[in-house]
Amino acid sequence: MRIGVDLGGTKIEAIALDDRGNSLTRQRIPTPTGDYHATLDAVATLIGRIEQLTGMHGSVGIGTPGSPSPATGLIRNANSTCLNGQPLQQDFERLLNRPVRLANDADCFALSESIDGAGQGFHSVFGVIIGTGVGAGIVINGSLIPHANRIAGEWGHNPLPWPSATESPGEACYCGKKGCIETFLSGAGLHLDYRRETGLEISGPELSKRLEQQEQAAERVMARYENRLARSLATVINLLDPEVIVLGGGLSNLVRLYERIPRIWAEYIFSDVVRTRLLPPRHGDSSGVRGAAWLWPEGEDQY
């Protein structure tokens, strides 16, 4: 049995998978806000509950915001700030009394969609999460690529490519730079653009509703967003040339992206033909937790 944990900012979700990837049970609890040790205990409780329900002991993989520093092993760059500076993997291994594999949540998403999701059967998959932030994972032949600096897939902290005069220098990013892709393509970036266009503050579902109603302001904002996303993904294709790009996160539910983005990105890709496919996720919101379980591809005998 493989156990995967998705350590989110508002919820902690865990799943148990059998050897074929079938879900045995799934549990979810709220994340203790801003409390590192309570978060550790909550995960341990959740895993104990799963093992009690299934009657089996499992390997444990955990998807987390941020990543461990290759220099110190401490978590950095997590938007759940109570994790930053903490030896998360070591603490989990001590608490659970077994080896634990840890990966960024976007890496887990990409791994899930590569193994038995939308990218199944393809050799190279770039899995993108577009929501609160903009992250990604890179999977080649069913495995996450090795990370020299543990930052593979952090395309959101490169500058927006081919910026127009109105896009430069861009908004300040929490990383300390200006004009990062994330500041344009995150949910917050999209809503900021709509507010500048109309003076109105609206939610994601409301924007989708206005697009369905063919509101002109929403259409203008979305056209800019699609062009920016296409330019940004074009640089990924120029660099990695993946067979498949899978979109995840809240904005991946916009069906129009899968038709429009490939029409736009052809202008920016250094090739006379573009065979890369842009696909929605097969597992939706479950991809992250499933990918955490698949951090142990060898199965339970290896922990």
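If each residue of separation counts as 0.36 nm, what is the full-extension length gain between residue 216 and residue 76 once their alpha-carbon separation is subtracted?
Contour length minus Cα-Cα distance gives 46.3 nm.
As I understand it, the value is the acute angle between the Cα axis of helix 216-240 and the longest principal axis of the Cα atoms of the chain; what does it come to in degrees, rounded to 10?
So the helix axis and the longest Cα principal axis differ by about 60 degrees.
Select from 288, 213, 261 the residue farthest towards the positive end of the dipole of the chain; place +1 on Cβ of Lys and Arg, -1 on Cβ of Asp and Glu, and compute about the Cα centre.
Farthest towards the positive pole: 213.
Tally Lys/Arg at +1 and Asp/Glu at -1 over every other residue whose Cβ is under 13 Å from the Cβ of residue 269; what's the total? Numbers along the way, then the final one.
Numbers: positive: 231, 263, 275; negative: 241, 267, 272.
With Lys, Arg at +1 and Asp, Glu at -1, the neighbours total 0.
Out of 55, 248, 73, any idea which swings most in a Gaussian network model of the chain, alpha carbons joined below 10 Å?
55
Expected output is a single nm value to one decimal: the length gained when fully extending between residue 166 and residue 123, i.e. 0.36 nm times separation in residues minus the C-alpha distance. What is it? Don't jump to the answer; show the numbers that get you there.
Values: separation 43, 0.36 × 43 = 15.48 nm, distance 3.84 nm.
Computed gain between residue 166 and residue 123 is 11.6 nm.
So which GluC sites (Glu not before Pro) in the stretch 48-148 pass both tests, a DSSP loop state and at most 12 other Cβ atoms within 10 Å of the Cβ? Before the final figure, lay out each step's value.
Working: sites: 51, 93, 113; in loops: none.
Loop-located and lightly packed - none at all.
Compute the angle between helix 105-116 and the longest alpha-carbon principal axis of the chain, please, reported from 0 to 90 degrees and rounded to the nearest 10.
80
Any idea what Rg and Dmax come out to for the stretch 1-118 if you just take the C-alpha atoms, in Å?
13.7, 39
On full extension of the chain, what length is gained from residue 54 through residue 200, given 0.36 nm per residue of separation minus the C-alpha to C-alpha distance? Don't skip to the end; give the middle numbers.
Values: separation 146, 0.36 × 146 = 52.56 nm, distance 4.95 nm.
Working it through step by step, the gained length comes to 47.6 nm.
Which of 66, 249, 199 moves most in a GNM of the chain, Cα contacts under 10 Å?
Of 66, 249, 199, the most mobile in the Gaussian network model is 199.
Using helices alone, I'd like the mean residue ellipticity at 222 nm for the chain: each DSSP H run of four-plus residues gives -39500 (n - 2.57), total over residue count, nearest 500. Before the final figure, lay out the partial values.
On the way: 9 runs with 107 residues, N = 303.
Helices in the chain give a 222 nm mean residue ellipticity of -11000 deg cm²/dmol.
Sequence gap at least 6, Cα distance under 8 Å: using those rules, report the relative contact order of the chain to the nearest whole percent. Write out the running numbers ahead of the final one.
Working: 599 pairs, mean separation 66.4, N = 303.
The normalised contact order for the chain reaches 22 percent.
Report the per residue volume, in Å³, of the convex hull enclosing the C-alpha atoms of the stretch 1-64.
Taking the convex hull of the Cα positions in the stretch 1-64, it is 70 Å³ per residue.
If the only charges are +1 at each Lys and Arg Cβ and -1 at each Asp and Glu Cβ, what is the size of the charge dipole of the chain around the Cα centre, to the nearest 20 debye? All intermediate terms of the calculation are to be shown ahead of the outcome.
Working: 28 positive and 34 negative charges, 66 e Å.
Its charge dipole is roughly 320 debye.
Please compute the volume of the convex hull spanned by the alpha-carbon atoms of the stretch 203-301 and report it per residue in Å³.
118
Using the alpha-carbon atoms, what tilt in degrees (0 to 90, nearest 10) does helix 187-198 show relative to the longest principal axis of the chain?
30
Accessible area of the stretch 26-93 with a 1.4 Å probe: how many percent of it is carbon plus sulfur?
On the way: 1560 of 3100 Å².
Answer for the stretch 26-93: carbon and sulfur cover 50 percent of the accessible area.
Under the classification rounded if a/c is under 1.5, otherwise prolate if a/b is larger than b/c and oblate if not, where does the stretch 138-258 fall, given a ≥ b ≥ c as square roots of the Cα gyration tensor eigenvalues? All intermediate terms of the calculation are to be shown ahead of the outcome.
Numbers: a/c = 2.13, a/b = 1.52, b/c = 1.41.
Prolate, because a/c is 1.5 or more and a/b exceeds b/c.
Rounded to the nearest 10 Å², what accessible area does residue 59 show when all protein chains are kept and the probe is 1.4 Å?
0
Tell me the per residue accessible area of the chain using a 1.4 Å probe; a whole number in Å² is fine.
On the way: 14170 Å² over 303 residues.
Roughly 47 Å² per residue, with all protein chains present.
Using only the alpha-carbon atoms of the chain, report the extent along each of the three principal axes, biggest first, to the nearest angstrom.
56, 41, 40
What size of dipole, in debye to the nearest 20, comes out for the stretch 79-170 about its Cα centre when the only charges are +1 on Lys and Arg C-beta atoms and -1 on Asp and Glu C-beta atoms?
240
Placing +1 at every Lys and Arg Cβ and -1 at every Asp and Glu Cβ, with all other atoms neutral, what dipole size does the stretch 156-209 have around its Cα centre, in debye to the nearest 20? Let's see the in-between values first.
Working: 5 positive and 7 negative charges, 20 e Å.
Dipole size: approximately 100 debye.
Quick one: Cα centre-to-centre distance for the stretch 237-303 and the stretch 143-220, in angstrom?
One Cα centre to the other: 18 Å.
The values are calculated or read from the model by the stated rules, or taken from the named source; none is laboratory data. If you're wondering where the values come from, they're calculated on a predicted model, not measured in any experiment. As a convention, Cβ positions derive from the backbone with ideal geometry for all residues, glycine included, and neighbour counts pool all protein chains shown. Accessible surface areas use protein heavy atoms only, side chains included; no ligands, DNA or RNA. Shrake-Rupley method; radii C 1.70, N 1.55, O 1.52, S 1.80 Å.
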